[in-house]
Every structure is written in structure tokens, then in C-alpha cells.
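Below: the structure, in C-alpha cells.
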Amino acid sequence: MWLINTETLQLEFFMNPKRDSYAILSHTWGLEEVPFQKDLTSAKWMQGFAKIERTCQLAKERNLQYAWVDTCCIDKSSSAELSEAINSMFRWYQEAAVCFAFLIDASLELIKPEVSSYGGCGAVMLEHLRGCRYFERGWTLQELLAPKHVDFYDGDWKWMGSKDSEFLGPLSDVTGIDSIYLMEADSIWSATVGTRMRWASRRVTTRLEDTAYCLLGIFDINMPLIYGEGEKAFIRLQEEICKQSNDMCLFAWTEQPDNPLSYSSFRKYRGIFACHPCEFTDFKEPSQQYFGYNFSGEFAVTNKGIRFDDIYLSALGNKTVLWLDYNTFHHPKRGIFLQRTPDGYRRSNSDKLAKLPVIALPQTKQRIYIQRDIPRQWENPQYADAFMFTFVRESGLRLVNAIPNKSFNFREQAFLTRGECFLGVLHLYVDESRICVICCLGRPFSADAPSDQPLEARYRVISAHSVESREISEKAFTGRREDIEEVYKSLVAKNCLGPKGKDVFCNSYLWGSALIIESDRDMQNHLRITSKKRTLNPWLNMVTFRARL
């Protein structure tokens, strides 16, 4: 750890500096910050030098020989040293004798005691503090929580108050952090994971990865830094929390559609993890008696997703709910909505938590897997409204052709419609017969239909040798809009499969903009109607067919 000698302004290295032997600065970065250099006096011309100089003066007034400032005391050209510093920073702030919090955009002269709801040195208008950049940055959160003694100074280095004085009330209000956690750093470990995430929910960082890295100390986590991983850093942080805690509040986040930092995509399904602390904005501190604390099971990170053991699932209407609290049947419970998919459970209706009535008795305890994140390919706009087919490859079944060929991704086995009106024909060889799966994406046409009415899907399975198959294949090849409309209207008239059709599969469900069909029984019944039962029965016993819209 590099420390500044307050007399010489030279950096000196200490392997394990004594507790309370140095002062430390908490601030927001500005222009011309002084970088790492052993002789700081050579940087007097830089704007950031004034902060370093003033920090050293205040430290000397408290008979402290050393001080630490993050701008110049970390050699950021060394990835190893940067990683060590970030993983140790919470402890460094915790072991400092005093922390000077510099609020560059605050002014004591603008504060009028008569309009404040607080007296004494706490006469600080909340509106004035809320406008300070210090309370909006991610890194300053741990710098506020970790030290025992924090003195606040305005932009002219005038003392405003300290964390353990009458300044505590306004500080708690503006940060949303209860006073007990501000006063006693060790008490933050008793706060739920969701509560600690909420403290960071309205804070931002310059680099996306720092959203996670600035919270390492608050969750007592150590993990390697990988700048360039983007939002994966926050996912990794949550995985590390899973390894050290069974606090179910980690999953009590809700999507924030109006916040650009929260996912706002066409998908209705999410993974089990939040994408940013902002999704804990609405998290409310639960009573320890009723929320999360009595979960005796286990959840663990696996290559299949997050495995939950000994958990309760309940049915709420036609939805499945995972419990987030386990201790009593006499109070309403909260949970998260889940939807089963071919790849395991995913979270649905992620903009809200489920409220279970008292009568919602659980099923038996069980083990389930929930995907940690949404599949990467579904973030690509070209997968909007895609038809995707998955076949268990057995003898007697193979894909012959897809029309139009340019719209079919053979690696993913999917028609990529790009969310537009679409007509595609999939030719399959089944034993000695060829069949066609007609996929049509269209919009109902009527005089009073709104122009933004969502597209609907229709499917039909017919013989590849029929006249109808040849005609539809030709129309799919040309891709003319009027041909697509004609085929769509024909399929609607025949009550073919689709979200609004009469023969929609019983076990179909929406996954984002995908309609998953995985019912062998319903597919078999449909094929018996449209194709020869004698030819297709052997195939139906060997293959799982899924279509996604």
C-alpha cells in the first residue's frame, strides 16, 4: 500500500500499515487528477494537486504522518496492483484514522439554517445535498460506509459536519441508508443482500464493470478484475454472493422499464440475476421474522444455471412462483414468477414480485435449475420473432431444404424473420415420405384493425408432394407481401396453429418473443389430421419437435 508522507509529499510503500496510522480521502474525480508518481511535488501545476495538499494538511493537524488518495496512490499501469487495490479498498478505508469526504459542488454559504428541518451543524438542506455528485457515484458508497470517522467538507474545504454528528440525519435521508449502518461499519453484514443492493441502486460508475467492482467490499467479496467483460462483472458478483450466502433477497429484484440501466427488451423472460443494482430500487427492507432468513436449503452455481435445493414452488393462477421466504404460513409471502422452458426455468413477469396469499400452500420441496442469464443470441435483433426448430436427430429424419434459404440459419436451425411479415417452408424427410412445415407470420387485416397490431404465427404440416405445398413454396421463394398475406389468411381460415388459433398447443407458452411448442401429444394429434398416420407414427415416437416464434 502506497502512502503519502504528509511532510515531504513523497510516496512510501508499506506492506501492512498500522490501523489508524493514516488519513484517507473520499471524493469524486475531476479534471487533471494527479496520477501515480513517487514525488508528488512535481505535479503542483495540476488541478487535482490541491486536494492532495489539503488532505495532507488536515492529516498533519490530527498528528497523522501519512495519508492516502486513490488518484495518486495506486499504480494503475499495473493490473496486479490495481486488482489488489480494488479488492483491498474497503479494508483500507475501514482501517483509516479519519476519512475526509470532499464535496466539491457543495457550498456551506448557501445553507440557511432557518429552512432546515435539522438543527446545529446538521442545518443542511436535503435538496442541496441531493444535488451533490458525491451521493450519485458508485465508488463513494463504500467510502462512506467503511470508515468509522468521516468529516465532510464543502468545495472551499469548509467543515460541514461529521458522520457521527447531527449531520447523520440528513446523510441518512439523502442516501437512503439507515443510521445504524452509517454509524457502525460492521453492522452492514447484518443487512440483507437486497438492502445493500438498494443502497447502490441510484449510483453510477464511469465504467460498466465498476458497477460490480465498487461493491466488492460491501459484500465482503474478492474476485479478479476483468475490464472489458461489461455487464458480466455484475453477474459474476452475484454468483460469488451465491457461494457465500443463502439470502434469498438476492433474487428479490424487479425490472425498471424506465431506467436505461435495466433491461428493456422484447423478451418477457429473464435469468435469475439482476443486470444492474438499479433493479433493487424498489426493494423494501423486510422484517427478519418474515423474509428470507429461515431458508435452510442450498443454491449453487452450476453449468446448468443456478441449482436450488429444498425450495418450494407454488401455483398462483396459471403461473409458478418460487418462494423467497420460508418461515410461516400465517403471513402473505413474496416470491418470483417462473416459467419452465426447454432449457430450464427462467424468470417471468420480472417487473414485479408475486404476493402469495395465506392459502397458497406449497408443493413438496424439490430441486430445480434456473438459468443465470438470457441466451446471448436472443439479444440480437435479428432473432425477433424467429421460428426456431430443434430435432432430436434419429434415423429416418433429416432436414431437406428451407425456403427461402437466405432466411434460414442452418447452424441455429431457425427462420430469422426480423420481426416482419414472413412465409417460410421447411422440408423434412421422414422415413420414406417428405413433409412440409409451413411457417407464416402475419397480421389480421380488417378495416378497423390498428396498424400496430402485433404479428401472429400460423403453422401447418402437409405432404411435400401436394399441389398446395408446391404453390406455397413458390410464394415463399418470391417473398412478396401479397403472397404472404394470402397464405396467412388461408391458414387463419383453416384454424391452423398460432397464438389465436383454435388448435394452439396446450403446452405452448411465450418465452420473450418466442412461442415454445414442446407437446408431443398435441403435435401428434395435429399430424394425424394433416398427414398420413401410417407414415409419421414411427417418427413421432423418436423425435421431439419444438417451434419458436
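Details
- Annotation: amide H-H contacts under 5 Å for S26 (H modelled 1.01 Å from N, sequence separation of 5 or more, or interchain): F100, A101, F102.
- When the Cα atoms of the range 2-199 are aligned to their principal axes, the ranges along those axes come out at 46, 39, 30 Å in descending order.
- Mean separation of Cα contacts under 8 Å, 6 or more apart, over the residue count of the range 6-97: relative contact order %: 40
- Whole-Hz ³J(HN,Hα) from phi, Karplus 6.51 cos²θ - 1.76 cosθ + 1.60, for the range 223-231, glycine and proline x: 7, x, 8, 9, 5, x, 7, x, 5
- Backbone geometry of the range 91-108 corresponds, through the Karplus equation with coefficients 6.51, -1.76 and 1.60 at θ = phi - 60°, to 3J(HN,Hα) couplings of 5, 4, 5, 5, 8, 6, 5, 7, 10, 9, 9, 9, 9, 5, 9, 9, 9, 5 Hz, x marking Gly and Pro.
- With a Förster radius of 30 Å applied to the beta-carbon distance between K352 and K406, the computed FRET efficiency rounds to 0.15.
- With both labels modelled 7 Å from their Cα along Cα-to-Cβ, the D105 to K319 distance reads 3.8 nm.
- Estimated inter-spin distance, T478 and D156, nm [label 7 Å along Cα→Cβ]: 8.1
- Computed lengthening from S165 to A50, 0.36 nm per intervening residue step minus Cα-Cα distance: 38.7 nm
- The range 2-199, relative contact order in percent, only Cα pairs under 8 angstrom and at least six apart counted: 20
- When the pairs K333/K365; K76/K163; K232/K284; K38/K76; K232/K304 are compared against a 21 Å limit on Cα-Cα distance, K76/K163; K232/K284 fall above it.
- Vicinal HN-Hα couplings computed from phi for the range 240-254 (Karplus, 6.51 cos²θ - 1.76 cosθ + 1.60; Hz; Gly/Pro x): 5, 4, 4, 6, 10, 9, 10, 6, 5, 5, 4, 9, 8, 8, 9
- For D164, neighbours were defined as the other residues whose beta-carbon sits under 12 Å from its Cβ, and their charges (Lys and Arg +1, Asp and Glu -1) total -1.
- For H149, the amide hydrogen comes within under 5 Å of the amide hydrogens of C99, counting only partners 5 or more places away or on other chains and with H modelled in the peptide plane.
- Note on E136 and N495: with the Förster distance fixed at 51 Å, the Cβ-Cβ geometry gives a FRET efficiency of about 0.35.
- Set of the range 221-248 residues, backbone N closer than 16 Å to the point 7 Å along the Cα-Cβ line of L82: 223-231, 233
- Sequence-separation-based contact order of the range 120-250, relative, with Cα cut under 8 Å and 6+ spacing, percent: 24
- The length gained on full extension between S466 and N16, counted as 0.36 nm times the residue separation minus their Cα-Cα distance, comes to 153.8 nm.
- Between the range 178-250 and the range 1-58, the alpha-carbon center distance in angstrom: 27
Read-outs throughout are calculated quantities, based only on the coordinates presented, and are distinct from any laboratory measurement. All values reported here derive from a predicted model rather than from experimental measurement. A quick note on method: Cβ atoms are made from the backbone with ideal geometry, for glycine too, and the neighbour counts reach across all protein chains shown.
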